[in-house]
1. Consider Gly128 carefully, then state whether it is closer than 15 Å to Asn208 by Cβ and either at pLDDT 95 or above or crowded, with 19+ Cβ neighbours inside 10 Å (or both).
2. Consider Leu98 carefully, then state whether it is crowded, with 21+ Cβ neighbours inside 10 Å, in contact (Cβ under 8 Å) with a residue 60 or more places away in the chain and in contact with a Pro (Cβ under 7 Å, 6 or more places away or on another chain).
3. Examine region 202-214 for a residue that is under 27 Å from Leu66 (Cα atoms) and either within 17 Å of the chain's Cα centre (by Cα) or modelled with pLDDT of 95 or more (or both), and state whether such a residue exists.
4. Inside region 124-145, can you point out the residues that are under 13 Å from the mean Cα position of the chain (by Cα) and either charged (D, E, K, R) or not in a strand (DSSP E or B) (or both)?
5. In region 15-38, how many are within 18 Å of Gly92 (Cα to Cα) and crowded, with 16+ Cβ neighbours inside 10 Å?
6. Quick check: anything in region 45-61 modelled with pLDDT of 95 or more, among the charged types (D, E, K, R) and surrounded by fewer than 18 Cβ atoms within 10 Å (Cβ to Cβ)?
7. Within region 153-163, is there a residue that is of a type outside the set (S, T, N, Q), in contact with a Lys or Arg (Cβ under 8 Å, 6 or more places away or on another chain) and in contact (Cβ under 8 Å) with a residue 60 or more places away in the chain?
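The values are calculated or read from the model by the stated rules, or taken from the named source; none is laboratory data. Note that this is a predicted model, so its numbers are computed, not measured. Cβ placement follows ideal geometry from the backbone for every residue including glycine, while neighbour counts extend to all protein chains displayed.
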Amino acid sequence: MITHTLKGNTGESQIILGESLTQLEKYLAGRKYAIITDEQVHRFYRARFPGNHVIVIGTGERIKTLATVETLYSKLLDFELDRSAIVVAIGGGMVCDLAGFAASTYLRGIAFGFVPTTLLAQVDASVGGKNGVNFLGYKNIIGTFNQPEFVLADFSLLKTLDQHQLGCGFAEAIKHGAIADRNLFAFMEEQAEDIKHLELNRIERIVNDSIIIKSAIVNQDEKE
């Protein structure tokens, strides 16, 4: 496993690459919790979730709204979460955005963590502390800057992604390389076939290098 520490104005975030979803419970540290996930991730990976405090939402940008956040608040109340509790998002960037925003505003802010299940979320969306929802057609117009307590990147979760979803993650990593790391860019070009087939060491390299780039920016300016 590889661990990075991202330091924002709102706190530190531990990013652990190669950690398994099955180890999530140890990061909950005995606290009350709620897991927020979407229907597709729930269908594939529910057996790996700890406990029963799971909130399942739909998929797609159409549900990234304040109405969905209100539903999340209601469920958090049903689970009797207090300020010592933690919310965990298991899903792609949309799930992480919604869960991070809900946790950041529930009881004026409680802890939250992410288990990103898409490559795009692992290389970008789950890192940096930007959480938000869409409003009146404006994307992420309402939101917060608040760091997740932890981000667990389980590379085995990428195996159920379709080619379009993987392509979005690869494109983001290529962009990182083109802008800030010529070695990453060259590596992705040279190892394209292994990367396409999700060879573990290759995926770990592109996620790790992308996180280094993203963390350096956030460490300088959390709101960049």
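1. No; evaluated as a whole, the condition is false for this residue.
2. On the way: crowded, with 21+ Cβ neighbours inside 10 Å: yes; in contact (Cβ under 8 Å) with a residue 60 or more places away in the chain: yes; in contact with a Pro (Cβ under 7 Å, 6 or more places away or on another chain): no.
Considered against the rule, which asks whether it is crowded, with 21+ Cβ neighbours inside 10 Å, in contact (Cβ under 8 Å) with a residue 60 or more places away in the chain and in contact with a Pro (Cβ under 7 Å, 6 or more places away or on another chain), Leu98 comes out as no.
3. The first filter runs over region 202-214 and keeps only residues under 27 Å from Leu66 (Cα atoms), leaving none.
Looking for residues that are under 27 Å from Leu66 (Cα atoms) and either within 17 Å of the chain's Cα centre (by Cα) or modelled with pLDDT of 95 or more (or both), one finds none in region 202-214, hence no.
4. Hits for region 124-145 are Asp124, Ala125, Ser126, Val127, Gly128, Gly129, Lys130.
5. Residues of region 15-38 within 18 Å of Gly92 (Cα to Cα): 15-22, 24, 34-38.
Narrowing the set further to residues that are crowded, with 16+ Cβ neighbours inside 10 Å leaves 15-19, 21, 24, 34-38.
Total meeting the criteria: 12.
6. Scanning region 45-61, I find at least one residue that is modelled with pLDDT of 95 or more, among the charged types (D, E, K, R) and surrounded by fewer than 18 Cβ atoms within 10 Å (Cβ to Cβ), so the answer is yes.
7. There is no residue in region 153-163 that is of a type outside the set (S, T, N, Q), in contact with a Lys or Arg (Cβ under 8 Å, 6 or more places away or on another chain) and in contact (Cβ under 8 Å) with a residue 60 or more places away in the chain.
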